[in-house]
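S.K.: Sharing a structure here in structure tokens format.
What follows draws every value from the coordinates through simple rules; no lab data is involved. In this text the structure is predicted, and so the values were computed from the model without any measurement. As a convention, Cβ positions derive from the backbone with ideal geometry for all residues, glycine included, and neighbour counts pool all protein chains shown.
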Amino acid sequence: MRSTASAEPPPKPIDPSRFISLRWKLLAGFTLVFSGVFAGAYWWFYNFSTEKAVDRLQQELRSTAIGAAQGIDANELLALYKTGQRNAKGYSDDPRYQRQLTWFETVHRISPKIYPYTYVVGEALTNRRIGQPAAAADDLEIIYLVDSLWVYIPDRALKFLEAGNAYEASKRAFMNGETMERDLYTDKWGSWISSYTPIKDANGKIVGVLGADIEADYVFEVRQQIRDRVFSSFAITYGILFGLVYLMSGILTQRLKTLAEAATKIGEGDYAQNLSQLTTGTSSDEISQLANVFDIMMAKVRQREETLKQQVSELKIEIDQVKRKKQVNEIVDSDFFKDLLVQARKLRGEGEGESKTSD
């Protein structure tokens, strides 16, 4: 009897052009995930390291500024401001100026990246000298005195008695008597990180301020060194992890490939597949469990196929017997066979009659 149920469509064959190995999928996933993780970690570590490096520079700058201020005679500095004269080159030949410049050379030798200088606040000092209240912070005028850059970079040095604008940090250093830092900035002399500390006389009165600068190029160099080292370390780590994932994915996909080949041969009726290399070991995982399931499935399918073959053989014998019986019945029930049977009986009857006559 023909089945009325619709036949299921055969499975579609896999298009080789669209096949992508699981190994490369794992590598692509690893690259996407860990690239994001590493980029975030790199950015955080770079910013953290840079911040710590700049903090360390500012601490060094602060300590140097405080130490340098303690080596300055406040009364001599104030007297230099009041009576000192600028020479034609822009600095001063006054011995007081030269003594402070020599002291700054000593400070610079101890901290080669730091350039100290001094200044007073002109308007505030003028008001104090004539007995008037100190000027407001916005009215403060800086008068530069001694700048160590005259020894090292003369074309960027501040001239003696040169006037300038007061910055917020420099204002607070003079007005409040606090040591203040100024983050990275750029002015007509270049880019710097600065620290300002008050210079006090024996009575604790603020007479001036010592500024100390670190060139921004040095800060940029520190940042670049941190960036290069961090990038190199992460590149090496990333390369090692990528290589490990490549090797592990190869091991994983090779075991899956072995299973796929075994499944293909099982589908073709070849049940002589040895999967012991995937099921034996000190530990098991999903692949070994899958291989064990394949092993059990292969044994059951083989047994079922052998049972089916025997059942088909027995059914074939039964069908042959039924077919022969049916054919015999068809022959016996046919008119031709009945006529033959009648004729045979007549012939047998005649033969018996002749036999009796002869007797």
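S.K.: Dipole size in debye (nearest 20) for the stretch 24-119 around its Cα centre, Lys and Arg Cβ +1, Asp and Glu Cβ -1?
M.R.: Approximately 200 debye in magnitude.
S.K.: Pull up all non-local amide H partners of Gly208: gap of 5 or more, or a different chain, and H-to-H distance under 5 Å with H placed in the peptide plane.
M.R.: Sorted by chain and number, the residues that satisfy this are Ile199.
S.K.: Check which residues have an amide H placed less than 5 Å from Ile153's amide H, if you skip close sequence neighbours.
M.R.: Residues meeting the criterion, in which the H sits 1.01 Å from N, do not exist here.
S.K.: Further question on the same structure: Please sort 79-88, 315-324, 66-75 by packing, taking for each peptide the average over its residues of neighbouring beta carbons within 10 angstrom, highest first.
M.R.: Peptide ranking by packing, descending: 66-75, 79-88, 315-324.
S.K.: So how do Tyr167, Tyr185, Tyr97, Tyr119 line up by other beta-carbon neighbours within 10 Å, fewest first?
M.R.: Listing Tyr167, Tyr185, Tyr97, Tyr119 from fewest to most nearby Cβ atoms yields Tyr185, Tyr167, Tyr97, Tyr119.
S.K.: Work through the residues other than Arg96 whose Cβ is under 10 Å from its Cβ and net out their charges, Lys, Arg +1 and Asp, Glu -1.
M.R.: -2
S.K.: Run the quick spin-label model on Arg56 and Phe34: label points 7 Å from Cα toward the beta carbon, then report their separation in nm to one decimal.
M.R.: 2.9 nm
S.K.: Plugging the Kirkwood radius over Cα pairs into Stokes-Einstein for the stretch 49-223, at a temperature of 20 °C and a viscosity of 1.002 mPa s, what D comes out in µm²/s?
M.R.: In µm²/s, the coefficient rounds to 132.
S.K.: Moving to a separate point now. Taking amide H atoms as placed 1.01 Å from N in the peptide plane, list the residues 5 or more away in sequence, or in a different chain, whose amide H sits under 5 Å from that of Glu162.
M.R.: Tyr144
S.K.: Tally Lys and Arg at +1 and Asp and Glu at -1 over the other residues with C-beta under 13 Å from the C-beta of Asp270: what net charge comes out?
M.R.: Taking every other residue near Asp270 into account, the sum is -1.
S.K.: Right, next: Determine the distance separating the Cα centre of the stretch 58-128 from the Cα centre of the stretch 291-318; give it in Å without decimals.
M.R.: 103 Å
S.K.: Could you tell me the calculated FRET efficiency between Arg324 and Ala299, based on Cβ-Cβ distance and R0 = 25 angstrom, to the nearest 0.05?
M.R.: 0.05
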